[in-house]
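Shown next, in structure tokens, is the structure this report addresses.
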Amino acid sequence: MMQGDVSTVGLSGRDFKRLAEFVQGYAGIKMPATKKSMLEGRLRKRVRALGLGSFDQYCRHLFDEGGWDTEVTHLIDAVTTNKTDFFREPEHFRFLADIALPEMAALGIGMQKPLMAWSAAASIGAEAYSIAMLLADFAAAQRGFRFSVLATDICTEVLETAHRAIYSEEMIAPVPMDMRKRYLRRAKDSASHTVRIAPDLRSRVTFARLNLIEGPYELDLAAHLLFCRNILIYFDKPTQEAVVGNLCWHLLPGGYLFIGHSESIAGFDLPLRQVATAVFQRV
Ligand SMILES: C[S@@+](CC[C@H](N)C(=O)[O-])C[C@H]1O[C@@H](n2cnc3c(N)ncnc32)[C@H](O)[C@@H]1O
């Protein structure tokens with residue numbers, strides 16, 4: 001057994017390999033050797049919180065003593081990057097407002113049944129609420145237009161934050177001023193410098209845990225808009241193709257898929273045609 005304290009004794013190559021294989025198998029997230037110090041840094045706090053003295057003890061707890069069941073969400077939280085922003089990659093929101101929504105409205109989408117949008121790696125909800133704000137603005141101008149947004153993520157901790165819908169003033173900086181008035185409510189305690197998404201808008205967004213690599217998804221959803229942004233980049237190519245293939249089953253013909261601007265699905269055999277930068281339409 002490795003002796004010493006977690007602050008002084010690092011993650012061994014063997015333990016890193018075990019953790020990396022587990023994380024890639026479970027969540028699809030690639031963990032090359034260059035990620036070793038990142039993993040070490042992020043897990044150190046968790047190892048201490050569990051009252052364990054070393055990474056070696058942590059791995060035994062996880063793999064050999066049946067701890068993985070309760071620990072897996074913490075491990076995934078530690079390895080995932082949850083960085084997000086309201087109205088991140090604004091070209092997508094311009095495309096939505098200027099092209100996708102007018103086109104869909106002309107086809108009567110959202111009138112008989114609600115337009116369905118899915119934020120498939122939602123993190124703390126900024127993406128889902130940005131979509132909801134834009135759709136709510138559209139609904140205000142189009143009588144009878146209805147919508148619903150589903151936000152999913154593998155990480156339960158970020159989903160809880162998304163559900164609470166409380167954000168720092170700094171975080172909501174990208175939200176246009178007029179939308180802030182309509183869709184954000186200042187916290188009662190002004191010293192907290194936080195705002196909360198207005199109840200009406202919150203009621204349009206539902207949250208669920210979904211692991212994108214566990215397809216086909218048990219999801220009764222046919223989406224018109226599907227955002228799967230800044231997550232494919234963490235997967236290897238075969239996983240990316242399998243994930244987007246599974247997403248296509250939940251995207252209606254004519255519906256739009258948005259991926260991150262730094263991601264690519266070029267060369268994949270999928271029923272999609274590219275219509276703008278990082279925007280694809282289901283054929
Ligand atoms: C960088 S954030 C992207 C958030 C948002 N889509 C955006 O572009 O701002 C990536 C999110 O993907 C989630 N994630 C990682 N692996 C996943 C998986 N296998 N299935 C579902 N979500 C996953 C992470 O928990 C994280 O919240």
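Search the structure for amide H atoms under 5 Å from the amide H of residue 119, placed 1.01 Å from N in the peptide plane, and list their residues when 5 or more places away or on another chain.
The list, which skips near neighbours in sequence, is 150, 151, 152, 227.
Show me, for the range 39-48, the HN-Hα J-couplings you get by feeding each phi into the Karplus relation (A = 6.51, B = -1.76, C = 1.60, θ = phi - 60°), rounded to Hz, glycine and proline as x.
Going residue by residue, I get 5, 4, x, 6, 7, 4, 4, 5, 4, 5 Hz, with x marking Gly and Pro.
May I ask you to order 263-272, 127-136, 100-109 by the average number of other C-beta atoms within 10 Å around their residues, highest value first?
Highest to lowest by the protection proxy: 127-136, 100-109, 263-272.
For helix 237-248, what angle does its Cα long axis make with the longest principal axis of the chain, in degrees from 0 to 90 and rounded to 10?
40 degrees
Put a dot 7 Å past each Cα toward the Cβ at residue 217 and residue 273; how far apart are the dots in nm?
2.5 nm
Report the trypsin sites (Lys or Arg not before Pro) located in the range 1-94 that are in a DSSP loop and have at most 12 other Cβ atoms inside 10 Å of their Cβ, or state none.
83
Output the 0 to 90 degree angle, nearest 10, between the alpha-carbon long axis of helix 68-79 and the longest principal axis computed from the alpha carbons of the chain.
Taking the Cα atoms of the chain, the angle to 68-79 is about 70 degrees.
Please report, in debye to the nearest 20, how large the charge dipole of the chain is about its Cα centre when each Lys and Arg carries +1 at its beta carbon and each Asp and Glu carries -1 there.
Charge dipole, the chain, about its Cα centre: 640 debye, nearest 20.
Could you go through the range 58-67 in sequence order and give the Karplus-derived ³J(HN,Hα) for each residue, using 6.51 cos²θ - 1.76 cosθ + 1.60 with θ = phi - 60°, rounded to whole Hz, and x for Gly and Pro?
Computed from phi, the couplings for the range 58-67 are 4, 5, 5, 4, 6, 9, 9, 10, x, x Hz.
Along the positive direction of the dipole of the chain (beta-carbon charges: Lys, Arg +1; Asp, Glu -1; about the Cα centre), which of 262, 20, 242 reaches farthest?
Result: 262.
Measure nothing but the geometry: give the 0 to 90° angle between the long axis through the Cα atoms of 126-141 and the longest principal axis through the Cα atoms of the chain, rounded to 10°.
Relative to the chain, helix 126-141 is tipped by roughly 10 degrees.
Could you run the Karplus curve 6.51 cos²θ - 1.76 cosθ + 1.60 with θ = phi - 60° over the range 188-200 and give me ³J(HN,Hα) per residue in whole Hz, x for Gly and Pro?
Working through the residues one at a time gives 4, 8, 5, 5, 6, 6, 10, 10, 10, 5, 4, x, 4 Hz.
Listed here are the pairs 36/237; 45/188; 113/237; 83/113; 45/237; 36/83; which of them are more than 24 Å apart at the Cα?
45/188; 113/237; 83/113; 45/237
Test of the criteria: in the range 1-80, which GluC sites (Glu not before Pro) are in a DSSP loop and have at most 13 other Cβ atoms within 10 angstrom of their Cβ?
65
Pairs of alpha-carbon atoms within less than 8 angstrom and 6+ residues apart define the contacts here; what relative contact order does the range 90-282 have, in percent?
Relative CO of the range 90-282 lands at 20 percent.
Taking H placed 1.01 Å from N in the peptide plane, check which residues at least 5 places from residue 198 or on another chain put their amide H under 5 Å from its amide H.
184, 185
None of the figures in this text is laboratory data; all of them are computed from the coordinates on show. Predicted model only: the values in this text are computed from it and were never measured. Positions of Cβ are generated from backbone atoms using ideal geometry, with glycine treated the same way; all protein chains shown enter the neighbour counts.
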